[in-house]
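Derivation of every value follows stated rules applied to the coordinates shown; laboratory data play no part. Since we're looking at a predicted model, the values are computed, not measured. FYI the Cβ positions are ideal-geometry reconstructions off the backbone, even for glycines, and counts take in every protein chain you see.
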Amino acid sequence: MIKVDIEKKLRGYGGQQVLKIAHDFPAGSITKIYGPSGAGKTTFLKIIAGLTEPDKGKIVFAGNTWLDVDAGISLSPQIRRAGFAFQNYALFPNMTLRQHLEYATNDSQWIERLLKIGQLETLTTHKPDYLSGGQQQRLAILRALAIKPKLLLMDEPFSALDPEMRSELIANLQTIWKEFDMTVMAVSHDQRELDEIADAELFIRS
Amino acid sequence: MDLTPIWLTLKLAGITTLVLLIVGLPLAYWLSRGRSIIKIILEAIITMPLVLPPSVLGFYLLMAFSPQHGIGGWLQKALNVQLVFSFPGLVLASVIYSMPFMIGPIKSALQQLPVSLVQASYTLGKSQRETFMKVLLPNIRASVLTAAILTFAHTIGEFGVVLMIGGNIPGVTRVASIAVYDSVENMDYRSANAYSLTLFCITFVMVVSVFIFNKYKAKSPLE
């Protein structure tokens, strides 16, 4: 279970707004997070991962306090180790596809399995510049999974995939999520995009 | 032509570049992260040699290094080290004088990398140091090489600061730029030309190398 109760002022083109979320995410759940552009969906994921600080609030993951602004507690992203698939992929230009996974884990069998899931086995020596958008997006998801996180955060994770690839990948991901009992939060601007995989939802309004 | 000034110049430029690589990389990284008033002031101080006349910088360094004042006095008493009119003093002055040429390009390259690269590395459990060594540094390699070559070439071309701090001691502080000046003063135009041509050729090759390297290698990592 992850209990989140946070508040953060956001600055946007339309002036200042407040991102205020109080929500419990059951362990092993797959939550679809949706809402209009600029509502703070990405910021919310980054707050949970420890990449951005909220103004107020608490985050408790499986009984461990990750964040308590009043008590001055904020665990680093390295300690939280939440898998994060970034919207812009955030791939390392200097690393090949395989090196991305090797940077995250030493488990070579796990790497082979991930490559198979992403159907990227033939592209292991390619750097991001030489991968298509869809291949880059799959690599971003696989890299986040490589650390076998208990919590997986995905920002618009399937936006660059064709329907067939998307269905196959999702089926494989669901197996892995179940196997490692991962709690998953996936952001989408499209309310219906993640309907088939989510068992819970959170709407963030602007 | 006495080759000692050329050798001394290359030695000074090499040591200065090496020291600035060691000091400059972490300093540029620190400066590239966030903007505090302390960082702004420090960056302004680092940039001053670009806009100050070398003689002004040389004068203040001479005052600071002098055994009668501040740091120079302390070094003389505590460690028996003399900076004025010595090679170590020249190195220290050159490090200060050439610092903007090392810090500027590296800091700018670091700032151009998307912040999400660092964030992605952190979420994989990697430390700040590991992220710098394995993610940031390899992606700014071209800028680091450019900065190192520019620092080397700029140090070769020093005159004002070197003259103020080192004077003209053959074999110790008489670098090639001083040798040119000295030769002209003595109406020895043949030696002046030989030193000048050597300096011109060395720096020309280095600057051309930077341009060629940048043409093929130095582009934004995300291009």
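Neighbour counts of C-beta atoms inside 10 Å place A:Y130, B:Y29 in the sequence A:Y130, B:Y29, starting with the fewest.
Normalise the Debye intensity by I(0) for chain A, one equal point scatterer per Cα, no solvent, then take log10 at q = 0.08, 0.18, 0.19 Å⁻¹ and round to two decimals. Debye output, listed in q order: -0.27, -1.31, -1.42.
Between the helical axis of B:87-112 and the longest alpha-carbon principal axis of chain B there is an angle of about 30 degrees. The mean number of Cβ atoms from other chains found within 10 Å of a Cβ in peptide A:84-95 is 6, as a whole number. The tail of the calculated P(r) for the range B:1-127, taken as Cα-Cα distances beyond 23 Å, holds 48 percent of the pairs.
In terms of surrounding Cβ atoms within a 10 Å radius of their Cβ, A:I30, B:I140, A:I204 rank from fewest to most as A:I204, A:I30, B:I140.
Here's the picture: charge each Lys and Arg Cβ at +1 and each Asp and Glu Cβ at -1 in chain A, and of A:V18, A:N94, A:A62 the one pushed furthest to the positive end of that dipole is A:V18. Within the P(r) computed for the protein assembly as shown, what percentage of the Cα pairs occupies the region above 26 Å? Within the protein assembly as shown, distances greater than 26 Å cover 64 percent of Cα pairs.
Look at A:R81, A:R143 and count the other Cβ atoms within 10 Å of each Cβ; fewest to most, that gives A:R81, A:R143. For chain B, the longest principal axis of the Cα atoms and the long axis of helix B:37-51 meet at an angle of about 40 degrees. Ranking B:F65, B:I15, B:T123 by Cα position along the charge dipole of chain B, where only Lys, Arg, Asp and Glu carry charges on their C-beta atoms, puts B:T123 farthest toward the positive end. Computed from point charges on the beta carbon alone (+1 for Lys and Arg, -1 for Asp and Glu), the dipole magnitude for the range A:28-107 about its Cα centre is near 220 Debye.
For chain A, the membrane-span-like helix rule (DSSP H, alpha carbon extent of at least 18 Å along the helix axis, mean Kyte-Doolittle at least -0.5) picks out A:133-146; this says nothing about an actual membrane.
A simple charge model with +1 on the Cβ of Lys and Arg, -1 on the Cβ of Asp and Glu and nothing else charged puts the dipole of chain B at about 900 debye relative to its Cα centre. In loop segments of the range B:1-83 as defined by DSSP, the trypsin sites (Lys or Arg not before Pro) with at most 16 further C-beta atoms inside 10 Å of their C-beta are B:R33, B:R35.
Only the Cβ atoms of Lys and Arg (+1) and of Asp and Glu (-1) were treated as charged; on that basis the dipole of the protein assembly as shown about its Cα centre amounts to roughly 480 debye.
Divide the volume of the convex hull around the Cα atoms of the range B:42-107 by the residue count and you get 95 Å³ per residue.
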